[in-house]
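Structure first, commentary second.
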Amino acid sequence: MCAPSRCIFRFLLFFLLIVFCYPSIAQKKRKKSKSSKPFIVVIDPGHGGKDPGRKRGSKKMKHEKHLNLAISKKLGAYIKENLPNAKVYYTRTKDTYPSYEARVELATKKNADVFLSIHCNSAESTKVRGTELHIHSFDLPASKFLAKLISKQFRTRAGRKSRGIFDAEKRQRNLYVLQHSRVPSVLVECGYMTNAKEERYLNSDYGQSIIASAIFRALRTYINSNPPKENRNRVYRVQLMATQKPISTESKRFEKLPKEVKRLPNKSSKKYKYRYVTGWEYTLKEARELLAQVQELGFKDAFLISTQNSK
């Protein structure tokens, strides 16, 4: 047996070790469990199957749908080889055509961290060249951050001309997979098939590898830099009107509206069975701007509605 004073000293020493060491051990366990969750990337090779996208300039070249798939597979291979904690899913791996809804649904179903849609571009002028990045809105911080990283990689490492980043307002139209995706999303235009030199580059194994590696490096930086949060659970829309009998969303009364009109069932009223809405906004600021536009165009009684988690 030890002396009482020595036993007390040993007890205090043991107690202090527990107090100071346990948080450190617990913290390490938390870090380990946090890092064990894979980072999920959904890659969407644009077009496919019945939809060739931009058609090839000559028989020696490939249609856009084939170029998109080739670049997407190279990107996926880079991710799998160099990011062991990342998991890759494709919206298609063959020459098939998933609907826009199916592409977006896959990202939701897989609980994706990012959604990347790969495309090649075209223009009336054969002189236009370079890459473009598309997001739904500059008010979506994670999408904007990832697009900036990809644009930088194209310019500084891949030696590609970057034509900038575009959102729905800047390009004057929505892109379904960006608008309706519930996760940070970027559509990458890898180059112009209508430019002969660039089309040859896009068709070459070297060019596809350079493009895929640039996107990969940007994604790696994104993952390792604690990217900003992006909440897409709440969606704002503008309700224009309600009717007892259905009318076409292509009606002349809607033709001046800046965004597509949808007809939905009106479950809250027995008299007015149909309601007509426009917009799909993730911020209240954008929704209010759209509401003001709509009211100026004659829909004085229009108002905002919102959904949370599709409800």
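Okay, residues lined up against (1) in a helix (DSSP H, G or I); (2) within 23 Å of residue 204 (Cβ to Cβ); (3) at pLDDT 95 or above:
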| position | (1), (2), (3) |
| --- | --- |
| 16 | yes, no, no |
| 22 | yes, no, no |
| 84 | no, no, no |
| 106 | yes, no, yes |
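Being farther than 18 Å from residue 147 by Cβ and either buried (at least 21 other Cβ atoms within 10 Å of the Cβ) or among the aromatic types (Phe, Trp, Tyr) (or both): is that true of residue 276 here?
On the way: farther than 18 Å from residue 147 by Cβ: yes; either buried (at least 21 other Cβ atoms within 10 Å of the Cβ) or among the aromatic types (Phe, Trp, Tyr) (or both): yes.
Here the answer is yes, as residue 276 does meet what is asked.
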Name every residue in segment 284-311 that is over 24 Å from residue 267 (Cα atoms), basic (Lys, Arg) and at pLDDT below 95, in order of residue number.
285
Only one of 238, 183, 177 that is surrounded by 17 or more Cβ atoms within 10 Å (Cβ to Cβ), more than 19 Å from the chain's Cα centre (by Cα) and modelled with pLDDT of 95 or more
238
Segment 229-252, residues that are in contact (Cβ under 8 Å) with a residue 40 or more places away in the chain and either basic (Lys, Arg) or in contact with a Phe, Trp or Tyr (Cβ under 8 Å, 6 or more places away or on another chain) (or both)
229, 231, 232, 234, 235, 236, 237, 238, 239, 240, 241
Can you say whether residue 102 is buried (at least 19 other Cβ atoms within 10 Å of the Cβ) and either among the small types (Gly, Ala, Ser) or at positive phi (or both), as far as the supplied structure shows?
no
Residue check, residue 193 against (1) at pLDDT 95 or above; (2) under 25 Å from residue 82 (Cα atoms), all met but one. Which one?
(2)
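Do we have any residue at all in segment 52-74 that's on the phi > 0 side of the Ramachandran plot and surrounded by 17 or more Cβ atoms within 10 Å (Cβ to Cβ)?
Narrowing segment 52-74 to residues on the phi > 0 side of the Ramachandran plot: 53.
Among the residues that remain, those that are also surrounded by 17 or more Cβ atoms within 10 Å (Cβ to Cβ) are: 53.
Yes, segment 52-74 contains a residue that is on the phi > 0 side of the Ramachandran plot and surrounded by 17 or more Cβ atoms within 10 Å (Cβ to Cβ).
Which one of these is touching an Asp or Glu at 6+ places or on another chain (Cβ under 6 Å) and either in contact (Cβ under 8 Å) with a residue 40 or more places away in the chain or within 30 Å of residue 290 (Cα to Cα) (or both): 132, 101? Please lay out each step first, then the result.
Working: 101 fails: touching an Asp or Glu at 6+ places or on another chain (Cβ under 6 Å).
On inspection, the qualifying residue turns out to be 132.
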Which ones in segment 188-203 are in contact with a helix residue (DSSP H, G or I) (Cβ under 7 Å, 6 or more places away or on another chain) and buried (at least 23 other Cβ atoms within 10 Å of the Cβ)?
188, 190, 191, 192, 193, 202
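The values are calculated or read from the model by the stated rules, or taken from the named source; none is laboratory data. On a predicted model such as this, the values are computed, not experimentally measured, just so you know. Here the Cβ is made from the backbone with ideal geometry for all residues, glycine too, and neighbour counts use every protein chain on show.
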